[in-house]
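Here's the structure, in structure tokens; my notes come after.
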């Protein structure tokens, strides 16, 4: 992802409501208000039509968390009422048809919501049961315009290696993990009778070849499903015979964004995207090399790419209300950031925006960034983890490292 110029609005904004949060920078005309802090490990977000905000709380490997419900009763841009509910932690959350869905490690729950009650009145129902409890336990969710529920089941490995404990990093062929993970599963009728069992067969698997699509979403305009899986790591250390240097491993493979379709195969673990070659190439676990890279046929091409290891965590297509026209139909992507960039500079730790174009999406441009300087892990730089668009068009952003939720709204260009 190329670095693009951005005029940062860091000072307090004029207009009604609270002052803008100076710890983050957004484009002129927007104001980032700290909607909530002390939110714990705030992962994905959902916003009800009446404005209540629901936060999925999750730490990888932990069952503690549940859902945090937030309400702003006086309209000042900050939640002043909060409550928690839910039987266990979950990373994915979605809202539609009057239901709130939470994706936990083994199952997906749902609750009926009511505008006059911040928390559900009834106990949780199980929508999907029997999801394999694998190393990558974050179950991202997306609710389709047709009422189907899409569930990410991440692969438990880096590259489907034959024997991780024995340090044999050659890829298993075929990769048996793909039968129950490394893809997106679709459960029709998620608003109807429940539960639905997770099937190890292909009956409910929607797409494969997606290592771990923490960023999963649906375009509310046309119903398209998008996923941005996390790429593989350690190219130089795990497969030294492939010829990748430390700098290569820091810059490759690029993170990818795919428009996924029923039956699609997006390459993992056999293929990866080489930004220098501009195409999908054979992964080193399956005989790929750095020079020259070997083209990988059969895998779908991404609609956009981001810096290697920037870790896409959430995507949100903006319907266009409450923001300038150029944002209509565009996509916001939360980049969590990664430490696997040495000797290159860290990347991610930001929200980027992809404008809609006749051909799909344009290049990513910065939208929310930390205003401080220094290394991300020693500065207040955000680690965005969730995105959601509110009924007025405000963009909500969560930070799971410091337990913050921002509300970013358009206030108009400032006059000189």
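Which one is modelled with the lowest pLDDT among residues in the stretch 166-208 that are loosely packed, with under 14 Cβ neighbours inside 10 Å and assigned to a strand (DSSP E or B)?
Across the stretch 166-208, the extreme among qualifying residues is 197.
Would you please name the residue that is surrounded by the most Cβ atoms within 10 Å (Cβ to Cβ), looking only at residues in the stretch 242-274 that are over 30 Å from residue 204 (Cβ atoms) and in contact with a helix residue (DSSP H, G or I) (Cβ under 7 Å, 6 or more places away or on another chain)?
Here the answer is 249.
What residue, among those in the stretch 214-241 that are surrounded by fewer than 20 Cβ atoms within 10 Å (Cβ to Cβ) and in contact with a helix residue (DSSP H, G or I) (Cβ under 7 Å, 6 or more places away or on another chain), is nearest to residue 340 (Cα to Cα)?
The extreme case among them is 234.
Can you tell me which residues in the stretch 140-165 are without any contact (Cβ under 8 Å) to a residue 60 or more places away in the chain, crowded, with 20+ Cβ neighbours inside 10 Å and closer than 13 Å to residue 210 by Cα?
Correct list: 151, 153.
Only one residue in 68, 45 is within 18 Å of residue 312 (Cα to Cα) and not in a loop (DSSP other than H, G, I, E, B). Which one?
45
Inside the stretch 334-371, can you point out the residues that are free of Cβ contacts under 8 Å to residues at least 60 places away in the same chain, farther than 22 Å from residue 227 by Cβ and either in contact with a strand residue (DSSP E or B) (Cβ under 8 Å, 6 or more places away or on another chain) or surrounded by 19 or more Cβ atoms within 10 Å (Cβ to Cβ) (or both)?
346
In the set 155, 138, which member is out of contact with any strand residue (DSSP E or B) (no Cβ under 6 Å at 6 or more places or on another chain), in a loop (DSSP other than H, G, I, E, B) and more than 25 Å from residue 191 (Cβ to Cβ)?
Result of the check over 155, 138: 155.
Mind checking which residues of the stretch 275-312 are closer than 30 Å to residue 386 by Cβ, buried (at least 19 other Cβ atoms within 10 Å of the Cβ) and at pLDDT 95 or above?
280, 283, 302, 304, 305, 306, 307, 308, 309, 310, 311, 312
For the stretch 352-382, how many residues meet the condition of being within 18 Å of residue 35 (Cα to Cα) and at pLDDT below 95?
Residues flagged as within 18 Å of residue 35 (Cα to Cα) and at pLDDT below 95 within the stretch 352-382 amount to 6.
May I ask you to say which residue of 90, 61, 40 is in contact with a strand residue (DSSP E or B) (Cβ under 9 Å, 6 or more places away or on another chain), outside any strand (DSSP E or B) and in contact (Cβ under 8 Å) with a residue 60 or more places away in the chain?
Just one listed residue meets the conditions, 40.
If you check residue 103 against the conditions, is it over 26 Å from residue 389 (Cα atoms) and touching a strand residue (DSSP E or B) at 6+ places or on another chain (Cβ under 6 Å)?
Here the answer is no, as residue 103 does not meet what is asked.
Given the conditions (1) without any contact (Cβ under 8 Å) to a residue 40 or more places away in the chain; (2) touching a helix residue (DSSP H, G or I) at 6+ places or on another chain (Cβ under 6 Å), which single one is not true for residue 327?
(2)
The values are calculated or read from the model by the stated rules, or taken from the named source; none is laboratory data. Predicted model only: the values in this text are computed from it and were never measured. Every residue, glycine among them, receives a Cβ derived from its backbone with ideal geometry; neighbour counts consider all protein chains shown.
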